[in-house]
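As structure tokens, the structure follows; a few thoughts come after it.
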Amino acid sequence: MYHSAVLDDLRAVLGDRVSTSESVREHHSHGESWHAPGLPEAVVFPASTEEVSQVVTLCARHRKPVVAFGMGSSLEGHVNAIHGGISIDLTRMTRVLRLSAEDLDITVEAGLTRLKLDAHLKNTGLMFPIDPGADATIGGMTATRASGTTAVRYGTMRENVLGLTVVLPDGSIIKTGGRARKSSSGYDLTRLFVGSEGTLGVITEVTLRLYGRPEAVRAAVCPFATMEGAANTVIQTIQLGIPVARIEIIDEAQLRVVNAYSKTNYPLAPTLFFEFHGISETSVEDEIRAVEEIAREHGAKGFKWASSLEDRNTLWQARHNAYYATVASRPGARAWTTDICVPISHLAECIRETQADIKEANVVAPLVGHAGDGNFHLIIMLDPDDRAEFDTISRFSERLVERALKFGGTCSGEHGVGIGKLKYLEAEHGAALDVMRAIKRAIDPNNLMNPGKLIPQ
């Protein structure tokens with residue numbers, strides 16, 4: 001068991017909300033990725049921004065690394081305490097601090113989860129649409145610049161975070177942004193911290209943009225003769241400016257495990273999942289007719305509609321379960337989950353080349369993606385003890401990123417960088433990476449905030 005001066009000081013502030021239990025530390029040593037865990041020295045459970053400030057101040061004094069932790073759903077090793085230190089669990093900070101229905105915004109503590117926020121808004125006529133799949137915390141979603149199935153219509157966390165409360169590496173507290181919908185005052189610090197993965201400070205409060213719930217909602221599943229036909233349908237739909245709310249692409253391999261896991265019976269063919277939002281049934285019908293015409297031109301086999309709330313929930317739950325369905329398909333293995341994003345005009349070509357690479361590498365890599373953004377994921381099951389398999393998947397993953405960058409894309413559309421994508425930052429950003437390093441050194445000169453993540457040293 002650890003015993004150090006910092007633990008004595010932390011216990012003086014938080015009492016029994018400081019844990020050195022092996023099981024608690026192990027739980028906070030990893031997310032849902034295949035990356036090797038990193039065991040923190042202790043885990044603390046603050047209940048307010050002020051307590052987070054006290055914790056970070058003490059860690060700065062004792063030169064202890066700090067890793068913020070939410071629900072542990074990260075996929076690139078963001079929460080692994082690879083340099084030890086103190087894990088700050090924010091899940092006791094779940095209050096809704098303010099709701100303004102008139103201004104369509106809300107301020108919440110960082111530990112509130114996506115589903116709990118949705119439940120809070122249920123009877124208000126409002127919604128927060130960003131849905132990364134997992135029931136992540138709002139703080140974690142902000143720190144990783146998360147998005148999800150609705151990003152094609154509503155954007156990502158980058159577009160929907162209005163302001164933040166952040167505890168800086170020395171323990172000081174700042175507020176960024178505000179509630180105004182635009183400002184030309186000073187540097188945009190909110191955007192700096194959104195996607196910073198806890199490397200610049202600990203996000204404790206988030207002000208979010210809200211939306212009115214649509215009056216009319218329709219969803220559909222549409223199989224295609226070819227993956228290229230499905231991808232080209234997406235490209236043309238977006239290029240014509242049809243405001244679909246969701247447009248997801250899924251290949252046969254992914255549907256096979258989804259059907260087995262969710263007890264569904266979707267045809268085993270390249271498939272698009274659609275959802276349309278509108279102010280009336282008429283406006284939705286106009287969008288549907290336009291998309292149906294495009295889909296038919298590209299080999300669609302017909303639309304199966306889900307108009308009721310129950311049917312839509314079944315459809316999207318099956319889609320959100322894609323990760324867990326794949327994991328369940330190979331017991332004892334770990335999921336190597338990766339994602340890239342390319343300009344929409346290159347989506348079909350990128351998917352075609354990736355699927356050829358999957359076949360050549362002889363790996364099982366189900367594909368699912370937020371196709372309207374040019375973003376897709378591969379979920380590859382890995383035996384971490386099989387060195388040959390690990391090396392094959394590593395080479396495959398590197399070729400995937402190289403392909404994305406060749407098309408003008410990015411190594412990570414929404415999973416973030418963490419540990420897993422760290423080595424690609426130089427190739428993607430070039431000299432701009434030096435500016436990122438300078439920002440990190442200026443704000444966190446002792447490199448205590450989630451060290452070893454996001455910014456290669």
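Checking VAL6, VAL43, VAL67 one by one, the residue that is more than 30 Å from ILE379 (Cβ to Cβ) and crowded, with 18+ Cβ neighbours inside 10 Å is VAL6 and no other.
If I filter segment 114-132 down to residues being surrounded by fewer than 18 Cβ atoms within 10 Å (Cβ to Cβ) and among the basic types (Lys, Arg), which single residue comes out as nearest to the chain's Cα centre (by Cα)? Checking each candidate, the answer is LYS116.
Scan segment 268-315 for residues that are assigned to a loop (DSSP other than H, G, I, E, B) and buried (at least 16 other Cβ atoms within 10 Å of the Cβ) and the total you get is 6. Only one entry in LYS440, LYS421 is in contact (Cβ under 8 Å) with a residue 60 or more places away in the chain and over 20 Å from the mean Cα position of the chain (by Cα), namely LYS440. Residues in segment 232-264 that are touching a Phe, Trp or Tyr at 6+ places or on another chain (Cβ under 8 Å) and of a type in the set (Val, Ile, Thr) were compared, and the one that is farthest from HIS298 (Cα to Cα) is VAL258. The conditions of being farther than 25 Å from HIS377 by Cα, crowded, with 16+ Cβ neighbours inside 10 Å and of a type in the set (A, V, I, L, M, F, W, C) are not met by VAL244. Of all residues in segment 115-137, those being without any contact (Cβ under 8 Å) to a residue 24 or more places away in the chain and more than 16 Å from TYR154 (Cβ to Cβ) number 5.
Conditions tested, residue by residue: (1) among the small types (Gly, Ala, Ser); (2) farther than 22 Å from ASN80 by Cα; (3) out of contact with any His (no Cβ under 9 Å at 6 or more places or on another chain).
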site: VAL363; (1), (2), (3): no, yes, yes
site: LEU367; (1), (2), (3): no, yes, no
site: ASP386; (1), (2), (3): no, yes, yes
site: GLY409; (1), (2), (3): yes, yes, no
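The residue that is surrounded by the fewest Cβ atoms within 10 Å (Cβ to Cβ), counting only those in segment 144-177 that are in contact with a Leu (Cβ under 7 Å, 6 or more places away or on another chain) and outside any strand (DSSP E or B), is PRO169. Summed over segment 2-54, the residues that are in a loop (DSSP other than H, G, I, E, B), more than 19 Å from VAL167 (Cβ to Cβ), modelled with pLDDT of 95 or more and of a type in the set (S, T, N, Q) give a count of 3.
For segment 103-118, enumerate the residues that are part of a strand (DSSP E or B) and either within 30 Å of LEU7 (Cα to Cα) or not polar (S, T, N, Q) (or both).
Let us first name the residues in segment 103-118 that are part of a strand (DSSP E or B), namely 105-109, 113.
Listed by number, the residues that qualify are ASP105, ILE106, VAL108, GLU109, THR113.
Output yes when any residue across segment 356-365 is charged (D, E, K, R), more than 26 Å from MET157 (Cβ to Cβ) and surrounded by fewer than 16 Cβ atoms within 10 Å (Cβ to Cβ), and no when none is. Looking for residues that are charged (D, E, K, R), more than 26 Å from MET157 (Cβ to Cβ) and surrounded by fewer than 16 Cβ atoms within 10 Å (Cβ to Cβ), one finds at least one in segment 356-365, hence yes. For segment 56-63, state whether one or more residues are modelled with pLDDT of 95 or more, surrounded by fewer than 19 Cβ atoms within 10 Å (Cβ to Cβ), assigned to a loop (DSSP other than H, G, I, E, B) and among the charged types (D, E, K, R). Among the residues of segment 56-63, at least one is modelled with pLDDT of 95 or more, surrounded by fewer than 19 Cβ atoms within 10 Å (Cβ to Cβ), assigned to a loop (DSSP other than H, G, I, E, B) and among the charged types (D, E, K, R), which makes the answer yes.
Filtered by the rule that a residue be buried (at least 19 other Cβ atoms within 10 Å of the Cβ) and over 15 Å from SER196 (Cβ atoms), segment 420-432 gives GLY420, TYR424. Among residues of segment 170-196 that are in the same structural domain as GLU102 (by TED's automatic domain parsing) and of a type in the set (Phe, Trp, Tyr), those with a beta-carbon under 7 Å from a residue that is crowded, with 16+ Cβ neighbours inside 10 Å and not in a strand (DSSP E or B) at least six positions away or on a different chain give the pairs PHE193/LEU200; PHE193/GLY201. Within segment 328-350, which residues are part of a loop (DSSP other than H, G, I, E, B) and within 17 Å of the chain's Cα centre (by Cα)? Scanning segment 328-350 gives a single hit, VAL342. The residue that is surrounded by the fewest Cβ atoms within 10 Å (Cβ to Cβ), among those in segment 73-102 that are among the polar types (S, T, N, Q) and not in a loop (DSSP other than H, G, I, E, B), is SER100.
The values are calculated or read from the model by the stated rules, or taken from the named source; none is laboratory data. Small disclaimer: the values here were computed from a predicted structure and weren't measured. Virtual Cβ from ideal backbone geometry, glycine too; neighbours counted across all protein chains shown.
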